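A.B. asks: I have a structure here, written as structure tokens, and I will follow up with some questions on it.
The values are calculated or read from the model by the stated rules, or taken from the named source; none is laboratory data. Small disclaimer: the values here were computed from a predicted structure and weren't measured. Methodologically, a virtual Cβ is constructed for each residue, glycine included, from the backbone with ideal geometry; neighbour enumeration extends over all protein chains shown. Please note that ligands, DNA and RNA were not included when accessible areas were found on the heavy atoms of the full protein model with its side chains. Shrake-Rupley method; radii C 1.70, N 1.55, O 1.52, S 1.80 Å.
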Amino acid sequence: MIDVGHGGKDSGTIGINGIKEKDVVLNIGLEILRLNKKSETPLNMYLIRYSDTLISLSDRTELAKALNADLFISLHCNHSHNPIARGIEVYVGKNESGNLKESVWFAYQLQNQIKKQLGFKSRGVKFSNFQVLRKAGGFYPEALVELGFLSNDYEYVYLLDNRNTRELASILLMRIYSVKN
């Protein structure tokens, strides 16, 4: 289950030149789905939203539970008042669930792969009490990924380029496959 963050009236962060987080993460989520469908062994994969709609935070995790998700990954972009802030962050829930070990493993693997293949600065794997992570605990491994800063000149331009979106989606998909295998 891929939670494409924000949507509808919730734009998420607004970056340079008015770029909206909700649009960037939707593009990445749709690309993950497209790449998955083209693979030799596609996974049963769902997005929380497929268009610019707002889905409540509680409905996001309830949908993942109803579909018996093997993994819940929430896609987001960061923002800072410091224009040189950059890098990716991966969060896991602060819960003591039976899936904590798998969540932390997935988060570190994802963070390392993005750093290694794309050269993004790693801001680390962190623990948080974000609602989508808190409500997911105990049902499936989960992670919330901040895929770069829309307030950073380089990362903002990077995230707008379709080739880069494809490359980032490919890395995310590869890490998702690792959970299933």
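A.B. asks: Filter segment 139-153 for residues that are open to solvent by 50 Å² or more (accessible area, probe 1.4 Å) and not acidic (D, E) and give the result.
C.D. replies: Result: F139, single match.
A.B. asks: Which residues, counting only those in segment 134-176, are in a helix (DSSP H, G or I) and at pLDDT below 90? Working first, answer last.
C.D. replies: Within segment 134-176, the first condition is being in a helix (DSSP H, G or I), and the residues that meet it are 134-136, 153-160, 162-176.
Answer for segment 134-176, where residues must be in a helix (DSSP H, G or I) and at pLDDT below 90: R134, K135, A136.
A.B. asks: Tell me whether segment 15-38 contains one or more residues that are outside any helix (DSSP H, G or I), in contact with a strand residue (DSSP E or B) (Cβ under 9 Å, 6 or more places away or on another chain), touching a residue at least 24 places away in the same chain (Cβ under 8 Å) and open to solvent by less than 60 Å² (accessible area, probe 1.4 Å).
C.D. replies: Looking for residues that are outside any helix (DSSP H, G or I), in contact with a strand residue (DSSP E or B) (Cβ under 9 Å, 6 or more places away or on another chain), touching a residue at least 24 places away in the same chain (Cβ under 8 Å) and open to solvent by less than 60 Å² (accessible area, probe 1.4 Å), one finds at least one in segment 15-38, hence yes.
A.B. asks: How many of the residues making up segment 154-166 are touching a helix residue (DSSP H, G or I) at 6+ places or on another chain (Cβ under 7 Å) and open to solvent by 60 Å² or more (accessible area, probe 1.4 Å)?
C.D. replies: Filtering segment 154-166 down to residues touching a helix residue (DSSP H, G or I) at 6+ places or on another chain (Cβ under 7 Å) leaves 156, 158-159, 164-166.
Going one step further and asking which of them are open to solvent by 60 Å² or more (accessible area, probe 1.4 Å), we end up with 166.
Of the residues in that region, 1 qualify.
A.B. asks: Could you tell me which residue of segment 111-133 is nearest to R175 (Cα to Cα), considering only residues that are among the β-branched types (V, I, T) and in a helix (DSSP H, G or I)?
C.D. replies: Among those that are among the β-branched types (V, I, T) and in a helix (DSSP H, G or I), it is I114.
A.B. asks: Can you find, within segment 106-129, the residue that is surrounded by the fewest Cβ atoms within 10 Å (Cβ to Cβ) among those that are out of contact with any Asp or Glu (no Cβ under 9 Å at 6 or more places or on another chain) and in contact (Cβ under 8 Å) with a residue 40 or more places away in the chain?
C.D. replies: So, considering only residues that are out of contact with any Asp or Glu (no Cβ under 9 Å at 6 or more places or on another chain) and in contact (Cβ under 8 Å) with a residue 40 or more places away in the chain, the one surrounded by the fewest Cβ atoms within 10 Å (Cβ to Cβ) is Q113.
A.B. asks: For segment 88-105, enumerate the residues that are out of contact with any Asp or Glu (no Cβ under 8 Å at 6 or more places or on another chain) and either modelled with pLDDT of 95 or more or outside any helix (DSSP H, G or I) (or both).
C.D. replies: Result: K94, N95, E96, S97, G98.
A.B. asks: Let me spell it out: the conditions are (1) open to solvent by 80 Å² or more (accessible area, probe 1.4 Å); (2) closer than 28 Å to F149 by Cβ, and N44 meets all of them except one. Which number is the exception?
C.D. replies: Single failed check for N44: (2).
A.B. asks: If K180 satisfies every condition in (1) more than 16 Å from the chain's Cα centre (by Cα); (2) modelled with pLDDT of 95 or more but one, which is the exception?
C.D. replies: Exception for K180: condition (2).
A.B. asks: Additional query: Inside segment 47-61, can you point out the residues that are β-branched (V, I, T) and surrounded by 16 or more Cβ atoms within 10 Å (Cβ to Cβ)?
C.D. replies: I48, I55, T61
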